[in-house]
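Have a look at the structure below before the remarks.
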Amino acid sequence: MSADRQTLSRAFAAFAAKGWTEATLRAFCNQQSISDEQRRAWWPNGVRSVAWDLNAAADEEMERRWPEGAPSLVAIFEQRFKSNESLRASVGQLARSDLFHPFNTISRTAETARRMLALCKFRPNFWRVSRLVIAYSATVLVWIGDRSEGGARTKRAGGAFLVFLGLR
């Protein structure tokens, strides 16, 4: 993915804090002078494609942070939430949109889970990926609504989900 498209995907996420809809994407593209033809080329599945780009950008950032491997899944969770704090409202809206696209959402999150596991030197097999999708998705939902000091609720929940699912 090009740096421009990555930057635009993140800009769309900030723009879409009130809803991840096709109308929002068209309004964003109009504001950015992105033609309909270019929008369809970059994001053929509309906001679902933008969601994939946003995840890929976060995954790439995660891998750049730990080129030799991450210390733990907990550390990865904490860093991802910290890095995306400015997009919390938008991620909440994306999660709402994701409810109507469960297979796309699970596939997208599974790609992130495979990359997280690889960073922690785990072999990403079906069962590990599946459990991590559940743990990470549940932790994201906690994070969206967490207003505790320093994200304490999110940290506790993430650790608990990982323990419960045998990943910590």
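The values are calculated or read from the model by the stated rules, or taken from the named source; none is laboratory data. All values derive from a computational prediction rather than experimental measurement. Every residue, glycine among them, receives a Cβ derived from its backbone with ideal geometry; neighbour counts consider all protein chains shown. All accessible areas refer to the heavy atoms of the entire protein, side chains included, with ligands and DNA or RNA removed. Shrake-Rupley method; radii C 1.70, N 1.55, O 1.52, S 1.80 Å.
Miscellaneous remarks
- Over all orientations, the stretch 89-168 has a Cα convex hull whose mean projected area works out to 5.4 square nanometres.
- Heavy atoms of the protein chains alone define the surface here; on that basis the chain has 55 Å² accessible area per residue at 1.4 Å probe size.
- Contour minus Cα-Cα distance for residue 65 and residue 96 (0.36 nm per residue): 8.3 nm
- Mean separation of Cα contacts under 8 Å, 6 or more apart, over the residue count of the chain: relative contact order %: 24 percent
- Euclidean distance between Cα centres, the stretch 130-168 to the stretch 22-37, Å: 34 Å
- Note on the stretch 31-79: the C-alpha convex hull projects to 4.7 nm² when averaged across all orientations.
- Cross-link partners of residue 155 among aspartates and glutamates, defined as those whose alpha carbon lies under 12 angstrom from its own and excluding same-chain residues fewer than eight positions apart: 78, 146.
- Over the chain: helical MRE at 222 nm, DSSP H runs n ≥ 4 each giving -39500 (n - 2.57), nearest 500: -23000 deg cm²/dmol
- Checking every one of the chymotrypsin sites (Phe, Trp or Tyr not before Pro) in the stretch 24-123 against DSSP loop status and a limit of 11 other Cβ atoms within 10 Å picks out 100.
- Two-decimal Rg to Rh for the stretch 91-130 - Kirkwood Rh, Cα set: 1.08
- For the stretch 14-110, trypsin sites (Lys or Arg not before Pro) are listed when DSSP marks them as loop and at most 12 other Cβ atoms sit within 10 Å of their Cβ; the list is 18.
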